[in-house]
Amino acid sequence: MQFDEKWSFVAKKQKRCDPRNPLDAKKGDCWDHVALGPEHRLVLSVVVGKRTEDNARQLVYEFRERTDGRFVNLMTSDEYPASATAITELYAEPDEAASGSGAAQRLPAGLVYATVHKTRANNRVVNVEARLVLGTLVHLVAALVWAVLDLVNTVFIERSNGTDRARNSRKVRKTYRFSKDWGVHEAMTYFTLYSANFCWPVRTLRQKVAPKRYRQRTPAMAAGLTDHVWSLEEWLLFPSNSRYKLPRYSHK
């Protein structure tokens, strides 16, 4: 599983927002917190908002709920510290072997979280280094053997970020088409990212059925959630699942 945050802005750049003006609370920097499965390219959770620990925690919470609490062997992200905090908090379980009142907690054996450290020079990435944050090196090596990754990276979610910017012109880095309203921006983010799961085939997921003939597949097809490419009409009219939009997580 790969976690990442994608920047955009609403109405005006953050440096032009007045912190004393309550109307500017829903303007400025706006981040897409995204959880994506690299094996199927499936977007499992999206949280739109400021880049805060609460939103990072909400992202991991929604991912955990939609996978019924089962952790994946390998989680990766950039070096945003809030991700490690959220994973530790949400996946910790009581440590029955610990003495005392029973309040001690530990992470499940086999859970691995690693980050990608990028070294930049002259605004260009010159070196990429993987860093193990949670788990053991033995479990990391085992996870890489079974995963679609040859090494720790975030390339699949970064590719998804680039594709989403192309589909949602309000997120192009230098544009006059930026969002003017926070609610519309949030709605369009959910629309483009979640509809892509069912309605947009991914070239690298296609299956060869005959010489020079391929069956196109969407992330949802690769994940076994459907057997065909959906139209936008079919996706929009499909009855919503109550687990699709989860309530805010409270860690208090």
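The values are calculated or read from the model by the stated rules, or taken from the named source; none is laboratory data. These numbers come from a predicted model, not from an experiment. All Cβ positions, glycine included, derive from the backbone under ideal geometry; neighbour counts span all protein chains shown. Calculation scope for accessible area: heavy atoms of the full protein, side chains included, ligands and nucleic acids excluded. Shrake-Rupley method; radii C 1.70, N 1.55, O 1.52, S 1.80 Å.
Listing for the model above:
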| read-out | value |
| --- | --- |
| Cα pair distances in segment 127-252, grouped into 10 Å bins until the bin that holds the longest one, percent each | 10, 27, 32, 26, 6, 0 |
| Protection proxy ranking of 123-132, 5-14, 25-34, 66-75 - average other beta-carbon atoms within 10 Å, highest first | 25-34, 5-14, 66-75, 123-132 |
| Exposure rank, largest accessible area first [Met221, Met188; 1.4 Å] | Met188, Met221 |
| For segment 32-124, projected area of the alpha-carbon convex hull averaged over all directions, nm² | 8.0 nm² |
| Calculated Cα Rg over 2.2 N^0.38 Å (choose from [x] 1.09; [y] 0.92; [z] 1.04), label | [x] |
| Protein accessible area in the chain, 1.4 Å probe - carbon and sulfur % | 53 percent |
| Candidates Tyr194, Tyr113, Tyr214, ranked by Gaussian network fluctuation over the chain, Cα under 10 Å, top entry | Tyr214 |
| Of Lys6/Lys26; Lys6/Lys174; Lys118/Lys180; Lys6/Lys118; Lys27/Lys118, those spanning more than 25 Å from alpha-carbon to alpha-carbon | Lys118/Lys180; Lys27/Lys118 |
| Unit charges on C-beta of K, R, D, E only; dipole of the chain, Debye | 1440 debye |
| For the chain: relative contact order, % (alpha-carbon pairs under 8 angstrom, 6 or more apart) | 18 percent |
| 1.4 Å probe accessible area per residue over the chain, in Å² | 59 Å² |
| Relative contact order %, segment 101-203, counting alpha carbon pairs below 8 Å whose residues are six or more apart | 17 percent |
| Extreme residue, positive dipole direction of the chain, given options Ala196, Ala220, Ile87 (C-beta unit charges) | Ala196 |
| Charged-residue dipole, Cβ positions (Lys, Arg, Asp, Glu), segment 167-236 about Cα centre, Debye nearest 20 | 660 debye |
| Size of electric dipole in segment 111-239: Cβ of Lys, Arg +1 and of Asp, Glu -1, about Cα centre, debye, nearest 20 | 720 debye |
| List Ser240, Ser231, Ser160, Ser250, ordered by accessible area with a 1.4 Å probe, largest first | Ser240, Ser250, Ser231, Ser160 |
| Percent RCO, i.e. relative contact order, over segment 183-252, from Cα pairs under 8 Å lying at least 6 residues apart | 26 percent |
| For His117, residues with placed amide H under 5 Å, excluding near neighbours | Glu129, Ala130, Arg131 |
| For segment 1-42, the fraction of alpha-carbon pairs in successive 5 Å shells from zero, as % | 6, 21, 20, 14, 11, 10, 9, 6, 2, 0 |
